[in-house]
Amino acid sequence: MEVWEAIFKRRSIRSFRDEPVDNNLLIKLVEAAIWAPSGSNIQPWHFIAVSCEEQKAKIKPFAPGLTGMPPALLVICTDLDLCERKGGRLGRDVISLMDAAFAAQNINLMACELGLGTCVIRSFNQGAIQEILKLPPQLVPQLIVSVGYPERAPQAPKRRSVQEVMSWERYG
Amino acid sequence: MNKQRLIDVFCFIITSARGCLEEPPVYGPLRLLEAYVMLVDALGEEDIPSIFLEEKKHIEEYMMLCMYDEKAFQEEVDKTINRIAREIAG
Ligand SMILES: Cc1cc2nc3c(=O)[nH]c(=O)nc-3n(C[C@H](O)[C@H](O)[C@H](O)COP(=O)(O)O)c2cc1C
C-alpha cells in the first residue's frame, strides 16, 4: 500500500468485527511504532498490549473515550523520568506527549496496511489505567489505541482545506 | 439486573465527571447518553418501558454525531426527548 493511500484510507474505527488480532500483528504494530521519530531520540515509550477480556473489561469503565469493546488495545506509555533525565523540562512536558503521538500514527498507518482498524483514544483516566496495568509511577499512559478488524469503513469526517490552513513565507 | 455492569456504570460516571472538567464541552452530553445506554444494558430489558429501549437503539446510532456534526446531534437528542415526552404525556 502506498503511504498516500494509507494516509487517506485511515479512519478512526469505533466498531470492530468479533475476531481476535493475532499477537504477531500486535508485535508488528509496535515495531512500526518504535521507528517513529523521537525527540532527542529518547524513545521514552513502553507499549502494553491488552487482549485478555478480563483486563479489557477493567479498563473500559475508566476510558469513556473507548467506544465498544475492541479485540485489542495498545496502551502507549511514556517514561517521564527518562524524558526529564535526557530531555529536561521540555522532555518531560512536551516530548513525552509528542513521541507517543508519532508512535500512535505509525501504528495507525501500519494497521491500515495490515487490514486492521484503529482509534487513538485520550479520554481515559490516567491514574486509573496506571493502577489497572500496574505501571510504575513514572510510566504514564498517554494514549490507548484500539485495534481490530473494522466492521465497516466510516465516512471521512470533513477536513479544513489546504488553502484555509496553509500560508507561504508568512501568515495570512 | 447485571451487578457487574452496574458497577461499570458507576465507574464510568465518576471517571466522566473528572474527564468533563478538561474535555471539549460536547463530550458532557455524549457521556450522559453513553451512561444511559450502559444503564439500560445493566438493568436488563424486562423492567424498562419499550420507549426507552427503542430510544436506546436510536441513541447508539446517532451519539457519535457529536464529534462531527453538533447541530445534527442536537436535533437527534431533541427528537428523542420529544418522543419520550409524547409517550409520557399519553
Ligand atoms: C490526540 C487524540 C485523541 C483522541 N481521543 C479520542 C477518544 O478519546 N475517543 C475517540 O473515539 N476518538 C478519539 N480520537 C479520534 C478523533 O476523534 C478522530 O481522529 C477525528 O474525529 C478525525 O477522524 P478520523 O481519525 O477518522 O480522520 C482522538 C484523536 C487524537 C489525535
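The values are calculated or read from the model by the stated rules, or taken from the named source; none is laboratory data. Computed from a predicted model, the values in this text were never measured in an experiment. Positions of Cβ are generated from backbone atoms using ideal geometry, with glycine treated the same way; all protein chains shown enter the neighbour counts. These area figures cover heavy atoms from the full protein model, side chains too; ligands, DNA and RNA do not enter into them. Shrake-Rupley method; radii C 1.70, N 1.55, O 1.52, S 1.80 Å.
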Residues in the stretch A:34-65 that are within 14 Å of chain B (Cβ to nearest Cβ) and in contact with a Phe, Trp or Tyr (Cβ under 7 Å, 6 or more places away or on another chain) total 5
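Within the stretch A:77-172, considering only helices (runs of 4 or more DSSP H) that don't extend past its boundaries, which have at least 3 residues that are within 14 Å of A:R10 (Cα to Cα) and in contact (Cβ under 8 Å) with a residue 12 or more places away in the chain?
On the way: elements: A:80-90, A:96-113, A:126-132, A:162-165.
Those helices (runs of 4 or more DSSP H) span A:96-113.
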Checking A:M69 against (1) in a loop (DSSP other than H, G, I, E, B); (2) open to solvent by 30 Å² or more (accessible area, probe 1.4 Å); (3) within 14 Å of the ligand (Cβ to nearest atom); (4) touching a residue at least 60 places away in the same chain (Cβ under 8 Å), the condition it does not meet
(4)
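Look through A:E31, A:E19 and report the one residue that is charged (D, E, K, R) and either at pLDDT below 95 or over 17 Å from the mean Cα position of the chain (by Cα) (or both).
Numbers: A:E31 fails: either at pLDDT below 95 or over 17 Å from the mean Cα position of the chain (by Cα) (or both).
Among A:E31, A:E19, only A:E19 is charged (D, E, K, R) and either at pLDDT below 95 or over 17 Å from the mean Cα position of the chain (by Cα) (or both).
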Only residues in the stretch A:1-18 that are more than 16 Å from A:G65 (Cβ to Cβ) and more than 10 Å from the ligand (Cβ to nearest atom) count as the first member; pair them with residues that are open to solvent by 80 Å² or more (accessible area, probe 1.4 Å) and of a type outside the set (S, T, Y), Cβ under 7 angstrom, at least 6 apart or cross-chain, and list the lot.
A:M1/A:E113; A:A6/A:E113; A:R17/A:E151
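Determine if the stretch B:20-29 includes at least one residue that is more than 16 Å from the ligand (Cβ to nearest atom), within 23 Å of A:S15 (Cβ to Cβ) and among the hydroxyl-bearing types (S, T, Y).
Taking the stretch B:20-29 first, the residues more than 16 Å from the ligand (Cβ to nearest atom) are none.
Taking every residue of the stretch B:20-29 in turn, none turns out to be more than 16 Å from the ligand (Cβ to nearest atom), within 23 Å of A:S15 (Cβ to Cβ) and among the hydroxyl-bearing types (S, T, Y).
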Can you name every residue in the stretch B:11-22 that is open to solvent by less than 40 Å² (accessible area, probe 1.4 Å) and of a type outside the set (V, I, T)?
B:C11, B:F12, B:S16, B:G19
Take the residues in the stretch A:98-132 that are in contact with a strand residue (DSSP E or B) (Cβ under 8 Å, 6 or more places away or on another chain) and of a type in the set (V, I, T); name whichever of them is most open to solvent (accessible area, probe 1.4 Å).
A:V120
Return a yes/no flag: does the stretch A:78-99 have any residue that is within 14 Å of another protein chain (Cβ to nearest Cβ) and among the charged types (D, E, K, R).
no
